[in-house]
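Novice: My structure is below; once you've seen it, I'll send some questions.
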Amino acid sequence: MAKKQASQGTPATAVLAAAGVPFTLHPYAHDPSAASYGLEAAEVLGIDPERVFKTFMVDIDGKLAVGIVPVSGTLDLKAIAAALGSKKATMADPKMAERRTGYVLGGISPLGQRQPSPTVLDESALAFGTVLVSGGRRGLDIELDPADLIRLTGARTASIGSPYQTPAVAPACSRRHRPAAGREVRSEP
């Protein structure tokens with residue numbers, strides 16, 4: 001993996017360059033209408049979603065923390081709380097997460113945050129020679145060794161990710177549902 005300079009101009013790339021850590025930038029054309037920025041990155045870049053990680057900001061006992069999990073799943077709030085010695089975690093307020101990190105939602109990198117927070121990396125990252133995380137803006141991912149990610153963020157590892165759950169199928173006797181617009185619709189028998 002070739003070392004890249006911080007020419008992309010984000011705090012994340014600056015941290016990596018200053019530390020002398022080898023990394024590869026993966027810029028891509030971001031589609032603002034994408035349902036999942038992380039899955040979009042994996043698909044556009046042609047990389048296994050298990051190797052592409054997304055960053056979440058959580059509130060644990062009134063303090064912010066970072067959870068990093070594969071884009072193929074989601075963050076288990078109870079697991080990250082336990083990994084940080086607590087019982088309960090909630091997703092952080094989006095505006096608070098942006099102020100704390102200096103990044104916009106969908107582009108929050110675990111690297112180069114304005115104010116560092118306790119960080120937990122899903123242990124599945126250790127199975128790969130390299131992983132990808134946000135480069136600090138939408139449409140830019142950074143590939144690096146998970147050991148370097150752990151060292152530079154001060155992260156601990158734990159099993160904090162969980163696979164996406166398929167929505168439960170409504171019972172056959174249920175003939176009504178409410179679409180997003182809120183108007184009732186009857187399904188044909």
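The values are calculated or read from the model by the stated rules, or taken from the named source; none is laboratory data. In this text, all values refer to a predicted model and were calculated from it rather than measured experimentally. Don't worry about glycine lacking a Cβ; one is built from the backbone with ideal geometry, like all the others, and counts go over all protein chains shown. Each accessible area value is taken on the protein alone, full model and side chains, heavy atoms only, with ligands, DNA and RNA left out. Shrake-Rupley method; radii C 1.70, N 1.55, O 1.52, S 1.80 Å.
Novice: With the other protein chains left in place, how much accessible area per residue, in square angstrom, belongs to the stretch 2-146 at a 1.4 angstrom probe?
Specialist: 45 Å²
Novice: By its C-alpha gyration tensor, with a ≥ b ≥ c as the square roots of the eigenvalues, how is the stretch 64-105 shaped: rounded for a/c under 1.5, else prolate for a/b larger than b/c, else oblate?
Specialist: oblate
Novice: What net charge is computed for the residues neighbouring Pro70, neighbours being all others with C-beta under 10 Å from the C-beta of Pro70, Lys and Arg scored +1, Asp and Glu -1?
Specialist: -1
Novice: Quick check: at a probe of 1.4 Å, how many percent of the accessible area of the stretch 52-110 sits on carbon and sulfur atoms?
Specialist: 55 percent
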